[in-house]
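Structure record follows, encoded as C-alpha cells.
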Amino acid sequence: MPYNKIAFVAARGEAAQAALAELQERYSHVNEREADVIVALGGDGLMLEALHNNMTRGVPIFGMNRGTVGFMMNQYRAEGLIERLEAASAVKLNPLRMRAKGVNGATVEAYAINEVSLLRETRQAAKLKITIDGVDRLPELICDGVLLSTPAGSTAYNLSAHGPILPLNAGILALTPISAFRPRRWRGALLDRSAKVEIEILEQNKRPVSAVADMTEVRDVAKVKIRSDRKMALNLLFDPDQHLSERILKEQFMVD
C-alpha cells in the first residue's frame, strides 16, 4: 500500500545515526506522531522502543538493521525505500498485558511484545505459585524465575532459557521456567493465547521478586497477572522474502 508520510527514528549508535542522516536527506519525512509509517533504524531494542512508543496508534513500522541482532529488522538499503514499503508484508502482533501488584499494594500495568519475566532479586531462589484460568497448576515452583513469551518473543529470552520456539500464527504462549530447582523435571508449558496467567510470589519478604515486561521493571511484586491483549494489534512490515514467520521457522533448524 502507498504511504505518504514517513517518519525516521534511530538508535544512538554511529551506524544508526549515519543511516538516519542519509535517509532524511534522500526522502521527505514528517514527525513521528504525524506519520502513517515509521522506519526504525537500529537493532531489536530500538524496534521494541518504537513499537511501545506507538502502541496505541497501530502505525506500521519497517525496521532496518543498523544495530546488533536485528531479528525483527530488514536489511539496510538506502535506495528503493518507497518501493520496499509499498511491497512489504504486514505482520500483526498482540502484546501481553501485565498487571503487577507490589508488596506495598501499588499496581503497575505494562505491555510486553516479547515476554513478561519474573526474576529473583537476591541470592535466594524465588518461590512461585502458578495459576492458569483460575486453576492452581503449580502450587510451588522454586527457581531463578519464570517467563511467559509470545511467539514473536520465543526466539529471544525464552529460547535462552531453553523454552520452545513458537510458530508466529500458532495461537499459543510459552510458559518457561528459569533454572528450576523444584520441581526439577518441570520444563514449562504451552498455553492457549486466551489463557489468563497468575503468578503469586510466596515468601515475598524473604525471597523478593521483580517483574519485567519488555523494558518496564517492577520491583518487589506480590502477584502478577498476564494475558494476551487481542484487542491491541501492532503492525510490523517486512520485505516479502524476509517475513518474520520464515525467520522464526529457520531458527528451529539453526545448528551452532
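Here are the numbers:
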read-out	value
Residue that is on the phi > 0 side of the Ramachandran plot and in contact with a helix residue (DSSP H, G or I) (Cβ under 7 Å, 6 or more places away or on another chain), where the choices are 105, 63, 58, 70	70
Any chance residue 48 is farther than 26 Å from residue 248 by Cβ and either out of contact with any Pro (no Cβ under 6 Å at 6 or more places or on another chain) or surrounded by fewer than 22 Cβ atoms within 10 Å (Cβ to Cβ) (or both)	no
Residue in segment 41-49 that is at pLDDT 95 or above, outside any helix (DSSP H, G or I), more than 30 Å from residue 200 (Cα to Cα) and more than 17 Å from the chain's Cα centre (by Cα) present	yes
Subset of segment 154-188 that is within 18 Å of residue 250 (Cα to Cα) and without any contact (Cβ under 8 Å) to a residue 24 or more places away in the chain - its residue that is surrounded by the most Cβ atoms within 10 Å (Cβ to Cβ)	170
Pair list, Cβ < 8 Å and 6+ apart or interchain, from segment 57-73 residues that are touching a residue at least 40 places away in the same chain (Cβ under 8 Å) to residues that are basic (Lys, Arg) and surrounded by fewer than 23 Cβ atoms within 10 Å (Cβ to Cβ)	62/84; 64/77; 71/247
Filter pass, residue 103 being over 19 Å from residue 158 (Cα atoms), of a type in the set (A, V, I, L, M, F, W, C) and modelled with pLDDT of 95 or more	yes
Wholly enclosed strands (runs of 3 or more DSSP E) of segment 180-231 bearing at least 3 residues β-branched (Val, Ile, Thr)	197-202, 221-228
Condition check for residue 78: in a loop (DSSP other than H, G, I, E, B) and of a type outside the set (Val, Ile, Thr)	yes
Tally, over segment 28-77, of residues that are under 13 Å from residue 11 (Cβ atoms) and charged (D, E, K, R)	3
Residue satisfying condition, being in a loop (DSSP other than H, G, I, E, B) and either crowded, with 18+ Cβ neighbours inside 10 Å or of a type in the set (A, V, I, L, M) (or both), within set 105, 70, 63	70
Residues located in segment 127-175, provided they are more than 13 Å from residue 199 (Cβ to Cβ), part of a strand (DSSP E or B) and among the β-branched types (Val, Ile, Thr)	135, 142, 172
Filter result for residue 194 (at pLDDT 95 or above and touching a Lys or Arg at 6+ places or on another chain (Cβ under 7 Å))	no
Residues of segment 109-124 satisfying the condition of being surrounded by fewer than 18 Cβ atoms within 10 Å (Cβ to Cβ) and either out of contact with any Lys or Arg (no Cβ under 8 Å at 6 or more places or on another chain) or over 26 Å from residue 179 (Cα atoms) (or both)	109, 119, 123
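To keep it simple, each residue is scored yes or no on (1) closer than 30 Å to residue 39 by Cα; (2) exposed (fewer than 15 other Cβ atoms within 10 Å of the Cβ); (3) in the same structural domain as residue 74 (by TED's automatic domain parsing); (4) over 17 Å from the mean Cα position of the chain (by Cα).
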position	(1), (2), (3), (4)
209	no, no, no, yes
214	yes, no, no, no
220	no, no, no, yes
223	no, no, no, yes
241	yes, yes, yes, yes
244	yes, no, yes, no
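The values are calculated or read from the model by the stated rules, or taken from the named source; none is laboratory data. Please read these numbers as outputs of a predicted model, since none were measured by experiment. Ideal geometry is used to build each Cβ from the backbone, glycine not excepted, and the neighbour counts take in all protein chains shown.
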